[in-house]
Each structure stands twice: as C-alpha cells, then as structure tokens.
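Read through the structure below, which is laid out as structure tokens, and then see the notes.
The values are calculated or read from the model by the stated rules, or taken from the named source; none is laboratory data. These numbers come from a predicted model, not from an experiment. Note: ideal-geometry Cβ built from the backbone for every residue, glycine included; neighbour counts use all protein chains shown. Side chains included, ligands, DNA and RNA excluded: accessible areas come from the protein's heavy atoms. Shrake-Rupley method; radii C 1.70, N 1.55, O 1.52, S 1.80 Å.
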Number of protein chains: 2
Amino acid sequence: MARLRHEITAVSGKARAGRLHTRRGVVDTPAFMPVGTQGTVKGLLPEEVSGLGAQMILGNTYHLMLRPGVVTVDKLGGLHRFMNWPGPILTDSGGFQVFSLSGLRSLDEEGASFRSHLDGQLLRMTPESVVRAQELLGSDLMMVLDECPPPGSQRDYLAASLERDARWAARALAARGDKGGALLGIVQGGVYSDLRARSVELLAELDLDGYALGGLSVGEPKPRMMEVIEGTTPQLPEGKPVYLMGVGEPADLVRCVGLGVDMFDCVLPTRMARNGTLLTSRGRLNLRNSRFKDDPAPVEEGCQCPTCRHYSRAYLRHLIMAKELLAYRLNTVHNLHYILQLMAGLRRAIAENRYDSYARQVLAGLESPGQERVALT
Amino acid sequence: MARLRHEITAVSGKARAGRLHTRRGVVDTPAFMPVGTQGTVKGLLPEEVSGLGAQMILGNTYHLMLRPGVVTVDKLGGLHRFMNWPGPILTDSGGFQVFSLSGLRSLDEEGASFRSHLDGQLLRMTPESVVRAQELLGSDLMMVLDECPPPGSQRDYLAASLERDARWAARALAARGDKGGALLGIVQGGVYSDLRARSVELLAELDLDGYALGGLSVGEPKPRMMEVIEGTTPQLPEGKPVYLMGVGEPADLVRCVGLGVDMFDCVLPTRMARNGTLLTSRGRLNLRNSRFKDDPAPVEEGCQCPTCRHYSRAYLRHLIMAKELLAYRLNTVHNLHYILQLMAGLRRAIAENRYDSYARQVLAGLESPGQERVALT
C-alpha cells in the first residue's frame, strides 16, 4: 500500500479538491496545516485544533531535534503520543531553520554544519540524518533536506543548488526505513521558470510521495511568485499532492488553490493572533487600536468560532493590552477558525465547480472598503 | 431577601460545611476561589474554571479600575458578561494593591491617594468610591476598603488603623446602593489578639454580610497566624461566612478549615503552575528539574484532571523549558484541580463528621517522604 495517496474528487478550473489518504487518516484537500513548531500549536489543545477543522498539523524537526531531542520523543512513544495529537503530522526537514535561524557554518555535498540557536552547540544535518530524525518523531509526511538559498541568490548558484537538492532527495529516499512515513521532495529554482522545470524533471525521476514548492514567499514580488506556481504545478507528476510551503495570507491561499495547490502551512494566522491582529472576511482587524476599547461587537459579526460567540472586541483588546495569556488563545482560535473555514469554503466551491465565483467573492471582501476600513492594517 | 446567606449544613469539630447563597447561585463551602485578577483566570476559559469545580471567582478592583476601567466594564454589561463568567464573583476593594503594588502617596481619614503602577497617574480611593467601583463591576460579594498596614507595624499604629477601618466600613455600607452586592468587612489587628477582638467588636455592630480575616500570611510565623485565626473565628457573628484572604497553601487550607474558615482565595496554585511547580498529594513537584526529561508518568498517578489524563511530566517539562503558552495552561488546570478537589474532600469529610482523620491523612501525605521526595521544593 502506498504511504500516501491523493484521491482527486473534483476539479474547477485548475483548482482541485480531494482526499489525502495518510497512514493516520484522511485529510480533505485543499488543506491548511496549523504549525505546531515545538510540539504544540501555541496556546491550544490538540482537540481544539481538530475541533476548528484541522486534520493535519506540522511539526518542526529542527526545533524538536534541539529540544527535547528526537530520541527523547521516540522514547516517549513518538510525537503523536508526546503531544496527544492522534491525526497525521507533517514534519519539515529542519533545513529551513538551519539556513535562517541557526548559524550555518558550512555546506557541502554531504550535508550542512550549523550551530544551535539555543546553546551554540555545533551540529550536523545530512539527508540521511533528517530522515532518521523524522522517523524517530513518527512523522507521517516527511520532507527531504534541501538548501534554502539566501533570497536574491544568483541564477548560477540556484542552478547548482537544485542539482544537489535532487541528489539529496535520492539519498533521503534510500535512507528511509520500512516504517518511515511518506517522503516529499521540494522543488527549488527561485523565480526562474527554466530552473524550476529542471528541478521538477530531476525530482520526478524519483519515487517521491508528493511535491512541495520551496523558496517562495521569501521577498520576491507577489505576481512573480504566482507566475512561478502557475508555471510549475502543471509539470508535476499527476496523482501526487502539491504543497506550497510557508504561504498563509488569505488572498494567497485562495489564489494558489486556483493554481492547483493542495496543501499549505504558515505561522501567519497564529503569529498574527498573538500579536493582536485578527483575520476577517473584510481584511485584518488590529485590536490594539483604541477605537475598540468600548466595542461590544465580536471580532466578526456572524462568525461561529468560540471566541466570537462569547467575547467582545473590547474584552479581547483588554486582554491584549494587559498581556493576558487568554488573549493569545482566544485570538488564535479565531484566526485558525477563519483560515480553516476559508479552506472548507474553497473545497465546497470546487466540489460544486464554482471556484472562480467563490474566489472572486472572497477576494472582493478582503479588499472591500467596508465598515472595517479604518481597521485594515 | 438577604444579599448573602450562609446555610451551615454540617459541622465536624470547628470545621463547618455549608451552602453560601449568593444572588448568582450557590457556592458550597468551604470554598476556594480562583483569582481572576484582570478579568480572566490566567490562561483558562471560564467554562474550564467551572468544569474544575470552582463556583465563585475573585476579581481585582484595583486592576480593573486602571484597565480597562470600571465605567467601561459597566458599559459593556458588567464583569460577568465582559469575561463570560455567569457565576458569583467576589471583588476585593483594591486597597491591598494600593498599599502594596502602587505608590501610596497619602492616607487620611477620608481615603487614600496613590499613583497607578501602570502610568503613574495620581488617583484616589475612598470607602465610597470603591463600593461604587465594585457596583459598576457588578460584584456579588464586595469588600470594604481597609488599610493594609505594612508588615511589622507597631501595635499603636494597628490599633488606630483598625478603628478607622471600622469607620470606613460604616461609610461603605451607607454608600451601597439598592442593587449593590453583599458587603463584607475585614478584621484587622495584626497578630495581637486583643486588637483582633476590638476589630471584631466594631465590625459586628454593622450590618455586614460576612467577615474576612485580613493582614495575615504577610510574613508572621505560621503558628502565630493559626493562633490569630483560632482566636478570632469564634468571636465572629454567627450565620455569616468567614473568609481568609490570600491563603492558599494546601496544608494551610486544611488547617484553616479546621478553625472554621469558609472561603479562601490565593494566587498560589495558579502562579506556581505558571512557574512550573505542580501540587500533588505528596507535596510539590518542580517540573524544571532535569530528572523529569524522559518521565512518561503524569504529574500525579491517578489524578483525573485533563492534564494528567493526557500528558506526561516529560511533555510538560518540555513545554515549560520552551516557554510554550500551553505549559501555563496545562499546569494551571492541574493545580486548580488539585486545590478544588482538596476542598471537595474537606466538604465531604465534614459532612461525614470525619474532618480530623481526613485532615491528618492529607497533611501526612503532604509531608510524606515518598517517591517524590527529591522533587519536593
């Protein structure tokens, strides 16, 4: 049996809806995965995350490797048991953090050496070691190690980098054990369509379980990002899920689903929530704004999330200003609800072959100068 | 109808169990009130707090007065609606924070002037203004303004202070409106039994709805505190609840219930939880200790709280070390569960007239050099 099977149940233009069959259950696509960086979606219990409609979450291998350690997690029964999340978990390779957060020391054909951002310890990652780490976590969808070239890298550099990425992907596949989860490759190549095509060509030769688009939303102009996605998705092998990494702006989710993307993850909704910025169908609401001091209305009128059903903007603003723990929690519940409902709406629209009209309506709302106008940030 | 009625349903020695009838429902006594300083029991939803067995919570008038302001809370429908807690709320007068947290500027017969600890604004509190503030909050059990003399105050100072406290209590009663909640007086007098007796005598002349013991657990030796409580409770008017302010050590709760105390509040269980110290029947567990790194056991074997049912010490320790929001929440759930179950056990023991044996058993456990010995802090 395949480790991962993407059953497409409906298409609407280039958008597609389906069911991703993982070893820990089915995920309806297009799907948004809340990020549980350190073995927790910040502030929420697993049952709250699933209650909001999330079917799969993401764990960060780099963070869990440093603390509490993947061997420790394994000893305690794996990440699912450790954090009490019984559903599927996708883990990244840890590469992104090595290239962004930690102090990268050297990069060679074999792997990457870096210093822990926690204690400066010198560590090493190879395609094989990150597969092993993800296996110890018990990951259902593992990612291959790839380089995340610095934004603005030269074309020649990117061209060489993606060739090595493909060799690393082959090594990762070879290293996977019988009990390892699905393994997804990552298409690189910056904003160059011929490099992206070359990356797809190399990865398509391997028996990978799915494909991610990496190195996007890293500072390139938004239209350029969309062009790259639009150009790349049709080239990917059929029947495998397409995962756009690190993108979570509501408008981007809507547009990228229209380009054939099936899976997303992003810290945006949860991080914004902790910062007091709430997502609504009319754009963002910055609850720190003093105009909400006496506002008895919920974040969004008609929203059925637990936060909007019971709490006013004034109360949430009070909690934010007082730096109360409950602020992070209630705001995160609302933002995740918003994003997960948006995805559910997209799935329904695709099933009924009306993606275009639904997308237009959502995008018009997000850009609408409605009653929330002054609150748009 | 009385604003507050304490129905005593059982006694066991000096310990008593009963039902406190408030305008927002019944509270079983002896009761522990979790502290919701700024309109939230830190990190928890109201339904979680009540699900753990709390029937009444405490709100801090000083904090809510400064932020978001009692007029704002009133405009938004009162504190119950603001924070979504439908049950009874007891509010303090704000005096304690004025004398401890803020910069007290002056104290005279009329009231106290102080500076906000948030922005240095010069503010004033009188017995009348704090009743009005608590009425705007919609408090069910209000406290009179009293002086909290600095620990170590001279006898003469305390003697004069408690006389003024009694005059303030009379002014507070006179200031209360028809719709105001119950009003409780506060017995002062430091560790001097004759001064305590004088304070009781003065307050007993007023038509107060209950009596609190103030100025204890402020640095005096524990046996002295117990003596004062033991000497004071029998002197208090019958049929009114007795509330010991700011005491929440498990052993103190057990012992003070045995001296006739009906109500308690304390930040200890919630603050300790946020600091990674967990309460168990065998004493405290400091989960920061590295010996818990790989420990798959729950905080306390057999504990039925949502935290112990699903999470290991190792996971909680990981969350604490990573400063994850969920740590504060899961630890708070356990500690409140522990304290509220302790109170429920005391109520059952009193109902069955076996307070003494129950108390002995609990106290022996707390001091037991069991398997948790090295973890006692």
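Brief remarks on what is shown
- Using a 7 Å Cα-to-Cβ projection, residue B:19 label spacings across copies, nm, ascending: 5.3
- DSSP-loop GluC sites (Glu not before Pro) across region B:281-331, with at most 16 other Cβ within 10 angstrom: B:301
- 7 Å along Cα→Cβ, label-point gaps from residue A:206 to other copies, nm, shortest first: 7.7
- 1.4 Å probe, heavy atoms, protein only - residues of region B:316-334 losing at least 50 Å² accessible area vs chain alone: B:318, B:324, B:325, B:326, B:329
- Looking at chain B, the accessible area is 38 square angstrom per residue; that uses a 1.4 Å probe and ignores ligands, DNA and RNA.
- Distance between region B:215-242 and region B:79-133 - C-alpha centres, whole angstrom: 24
- Residue of chain A nearest the A-to-B rotation axis [by Cβ], rounded angstrom distance: A:325, 3
- For chain B, radius of gyration divided by Kirkwood radius, i.e. Rg to Rh on alpha-carbons: 0.96
- Helix axis angle, B:355-366 relative to chain B longest principal axis, alpha carbon, degrees: 60
- Pairwise centroid distance, computed over Cα atoms, of region B:258-320 with region B:1-45, Å: 24
- The residues of region B:28-63 occluded by other protein chains by 20 Å² or more of accessible area, set against the chain on its own, are B:38, B:40, B:42, B:43, B:45; surface from heavy atoms, 1.4 Å probe.
- Other protein chain Cβ atoms within 10 Å, averaged over every residue that makes up A:301-311: 1
- Descending by average beta-carbon neighbour count within 10 Å, the peptides B:18-26, A:131-139, B:78-86 line up as A:131-139, B:78-86, B:18-26, the highest first.
- Separation in nanometres of the label points that stand 7 Å from Cα toward Cβ, at residue B:294 and residue B:357: 4.3
- Whole-number D in µm² s⁻¹ for the protein assembly as shown, Kirkwood Cα-pair radius fed into Stokes-Einstein, 4 °C, 1.567 mPa s: 45
- Label 7 Å beyond Cα on the Cβ vector: residue B:117 copy-to-copy distances, nm: 3.3
- Accessible area of residue A:290 in the full protein assembly, 1.4 Å probe (Å², nearest 10): 80
- Residue pairs, from the table A:14/A:42; A:293/B:179; A:323/B:293; A:42/A:222; B:42/B:323, whose Cα atoms sit over 22 Å apart: A:14/A:42; A:293/B:179; A:323/B:293; A:42/A:222
- Contact surface B-A: accessible area buried, both sides summed, square angstrom, 1.4 angstrom probe: 3200
- Radius 10 Å from Cβ of residue B:58, net charge of other residues (Lys, Arg +1; Asp, Glu -1): -2
- Each Lys and Arg contributes +1 and each Asp and Glu -1, all at the Cβ; summed about the Cα centre of region B:82-190, the dipole is approximately 100 debye.
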